[in-house]
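Remarks on the structure that follows.
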Amino acid sequence: MNPLKKLIKWAQRKSPWIIHFNAGACNGCDIEVVDALTPRFDLERFGVLQKGSPRHADVLVCTGAVTMQTADRLKNIYDQMAEPKFVVAVGTCACSGGVFGDCYCVKGGIDAVIPVSAYIPGCAARPEAIIDGVVKLLSTLEDKKLQPKNPIVINSEKELADMLDEAEAAEENTETENFEENKAKEDNENA
Amino acid sequence: MEFFQMLVFPGLIFLSVYSFALEYFDRIVYARLQNRQGPPWYQPIADFFKLLGKEVIVPASVSKLWFKLLPVFAYAANLAAFLYIPLTSANSLYPFSGDLIVVLYLLTIPTLCFFLAGYISEGVYSGLGAVRALTQLFAYEVPLFMALLAPAILADSWSFAGISAYYSAHPIMMLVNIPAFIIAIIAAQGKLERTPFDAPEAETEIVAGAFTEYSGKLLALFRFTVDAELVVVASLLAAVFLPFYASNFIISFILYLLKTVFIVFILAVFKGLMARLRIEQIVAFCWKWLIGIGLLQIVLNVIIKGAF
């Protein structure tokens, strides 16, 4: 493989630009996706940028079950994206249709319309899980083939639970630390 | 030797490397202002090469030739302007009297290319972005020219070498041009289409403005042009407002880096602290305030030139 191609493959893993599409979600997962893009989680660390135009984006982040109304639009947006492109289904409804799966107006999960590379279940999926899913998707892209062999599923509930516990523990620690610091400061000021 | 200079320093390769470096610096300052960690140092390079590897989609109803040529024109105009700006000594690669004017006009070409690119894309969003880019051109161009020509009027020369010679002899006269420098910084923000003047590519309203239909290599070249424009404009401001050079090449080069990084830092802080203006607010602001102060600056410079 020549060096330029290697460089491009490396760049594809380091610079995923995402576009967010709501295929009929209740807005819970959308808020979590937007949350994942805030300075608190700082997705630009991994090179993730949110793009408005499907022509610019590499990863289509879909939320919600696909309704009859959005099916054509979803297909359209997917077709407008330039190769190589990936689809990430965020939330239980996007993965399988969820509680809306049997509705008369619902076609099912995102994979009923377009191929999906990574499934991130959860109702709603946590921002940590979304970031984990996108990073895992990128790290499994091998040099030879850009589409992963099997779709990635961020489903090991234990893993997710551990991750959340760690995050919460870390949060509590920082909070208590800050509290103690503030208290020490106040004491100094009073003295 | 000349070919080597055009290709390596101060030419194509230096411009490319430095534009990646300044884009990284710009993004990291922006991220720090938002209390974020920011991207890793290789991010602009990764973005560029990723876009090179992507499929190029040309809309069916668009002229293929022009769709593909416009990014090349935009980049070539930037590179040509860069070759006429002095970096490490008072003389650029090809100095002549009037090179300041030529650089200013060469810098207009990328904006016209952005307009044409949006206009021929035949999309609603790209059309809107194109019209806004052209409207904005009429807003910032006059104050930018006024601000950059005011120091030249005081120095009585339309060339970078003449400006440098005058201000090296009378360094105190630099202080007269401080209002012009402020106008130039604000107008440069408009020229580079950055917040608060990013209405032409406002991603929350009109997707990506003139570049909406561009993908792959062509988008990479357009992004590269925008980065290169940042370097060219920063070098231009440094050459006009801070025209001091050391006799040693290395020291002079470090001085050039410091000057441009300082200017980009100001631009990045502006970008981080401001919200977007609407297009008619941009036009009103530029014509009401910037041109007024610019006229006063020119009158002041003419009077000072007559008095001394």
A:VAL134 passes all but one of (1) surrounded by fewer than 19 Cβ atoms within 10 Å (Cβ to Cβ); (2) assigned to a helix (DSSP H, G or I); (3) touching a residue at least 40 places away in the same chain (Cβ under 8 Å); which number fails? (1)
Test: B:PHE160 is farther than 15 Å from B:ALA238 by Cα and aromatic (Phe, Trp, Tyr): no
For the range B:186-201, enumerate the residues that are part of a helix (DSSP H, G or I) and in contact with a helix residue (DSSP H, G or I) (Cβ under 6 Å, 6 or more places away or on another chain). B:ALA187, B:ALA188, B:GLN189, B:GLY190, B:LYS191, B:ALA199, B:PRO200, B:GLU201
Looking at (1) under 18 Å from B:ARG276 (Cα atoms); (2) within 14 Å of chain A (Cβ to nearest Cβ), which is the only condition B:LYS191 fails? (2)
Got at least one residue in the range B:259-275 being more than 20 Å from the chain's Cα centre (by Cα), surrounded by 14 or more Cβ atoms within 10 Å (Cβ to Cβ) and on the phi < 0 side of the Ramachandran plot? no
When restricted to B:ALA228, B:ALA210, the only residue surrounded by 24 or more Cβ atoms within 10 Å (Cβ to Cβ) and within 20 Å of B:GLN43 (Cα to Cα) is B:ALA228
Report yes if some residue within the range B:32-48 is in contact with a helix residue (DSSP H, G or I) (Cβ under 6 Å, 6 or more places away or on another chain), charged (D, E, K, R) and over 30 Å from B:ALA161 (Cβ atoms); otherwise report no. no
Among the residues of the range B:286-305, are any touching a Phe, Trp or Tyr at 6+ places or on another chain (Cβ under 8 Å), β-branched (Val, Ile, Thr) and in a helix (DSSP H, G or I)? no
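Kindly establish whether B:ILE57 is of a type in the set (Val, Ile, Thr) and away from every other protein chain (no Cβ under 14 Å). Can you show your working first?
Working: of a type in the set (Val, Ile, Thr): yes; away from every other protein chain (no Cβ under 14 Å): no.
Judged against the criteria, B:ILE57 is not a match.
Here is a check on your reading of the model: is A:PRO84 within 13 Å of chain B (Cβ to nearest Cβ) and closer than 24 Å to A:ALA129 by Cα? Full working, then the answer.
On the way: within 13 Å of chain B (Cβ to nearest Cβ): yes; closer than 24 Å to A:ALA129 by Cα: yes.
The answer is yes for A:PRO84.
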Might you check whether a residue that is at negative phi and in contact with a Ser or Thr (Cβ under 7 Å, 6 or more places away or on another chain) occurs anywhere in the range B:164-172? yes
Using beta carbons and a limit of 9 Å, which pairs, at least six apart or on different chains, have the first residue in the range B:288-308 and touching a residue at least 40 places away in the same chain (Cβ under 8 Å) and the second one buried (at least 17 other Cβ atoms within 10 Å of the Cβ) and hydroxyl-bearing (Ser, Thr, Tyr)? B:LEU290/B:TYR140
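Within the range A:22-40, can you find the residues that are under 16 Å from A:PRO121 (Cα atoms), out of contact with any Phe, Trp or Tyr (no Cβ under 8 Å at 6 or more places or on another chain) and not polar (S, T, N, Q)? Full working, then the answer.
Taking the range A:22-40 as the starting set, the residues that turn out to be under 16 Å from A:PRO121 (Cα atoms) are A:22-33, A:36.
Adding the requirement that they be out of contact with any Phe, Trp or Tyr (no Cβ under 8 Å at 6 or more places or on another chain) leaves A:22-23, A:25-33, A:36.
Hits for the range A:22-40 are A:ALA23, A:ALA25, A:CYS26, A:GLY28, A:CYS29, A:ASP30, A:ILE31, A:GLU32, A:VAL33, A:ALA36.
Collect the residues in the range B:87-105 that are touching a residue at least 24 places away in the same chain (Cβ under 8 Å) and in a helix (DSSP H, G or I), keeping them in residue-number order. First the steps, then the outcome.
Filtering the range B:87-105 for residues touching a residue at least 24 places away in the same chain (Cβ under 8 Å) gives B:87-93, B:95-101, B:103-104.
Matches in the range B:87-105: B:ASP99, B:LEU100, B:ILE101, B:VAL103, B:LEU104.
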Residue satisfying condition, being within 14 Å of chain A (Cβ to nearest Cβ), surrounded by 17 or more Cβ atoms within 10 Å (Cβ to Cβ) and in contact with a helix residue (DSSP H, G or I) (Cβ under 9 Å, 6 or more places away or on another chain), within set B:SER215, B:SER164, B:SER157: B:SER215
Which residue out of A:VAL90, A:VAL59 is under 16 Å from the mean Cα position of the chain (by Cα), within 14 Å of another protein chain (Cβ to nearest Cβ) and among the β-branched types (Val, Ile, Thr)? A:VAL59
Those residues of the range A:21-52 which are within 12 Å of chain B (Cβ to nearest Cβ), within 21 Å of A:LEU74 (Cβ to Cβ) and in a strand (DSSP E or B), in sequence order: A:GLN50
Residue that is nearest to B:THR204 (Cα to Cα), among those in the range A:1-20 that are within 12 Å of chain B (Cβ to nearest Cβ) and assigned to a loop (DSSP other than H, G, I, E, B): A:PRO16
Of residues in the range A:11-68 being at pLDDT 85 or above and of a type in the set (Phe, Trp, Tyr), the one nearest to A:TYR119 (Cα to Cα): A:PHE21
Within the range B:181-237, which residues are touching a His at 6+ places or on another chain (Cβ under 9 Å) and of a type in the set (Gly, Ala, Ser)? B:ALA208, B:SER215
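The values are calculated or read from the model by the stated rules, or taken from the named source; none is laboratory data. What you see is a predicted model, and the numbers here were worked out from it, not measured in a lab. Methodologically, a virtual Cβ is constructed for each residue, glycine included, from the backbone with ideal geometry; neighbour enumeration extends over all protein chains shown.
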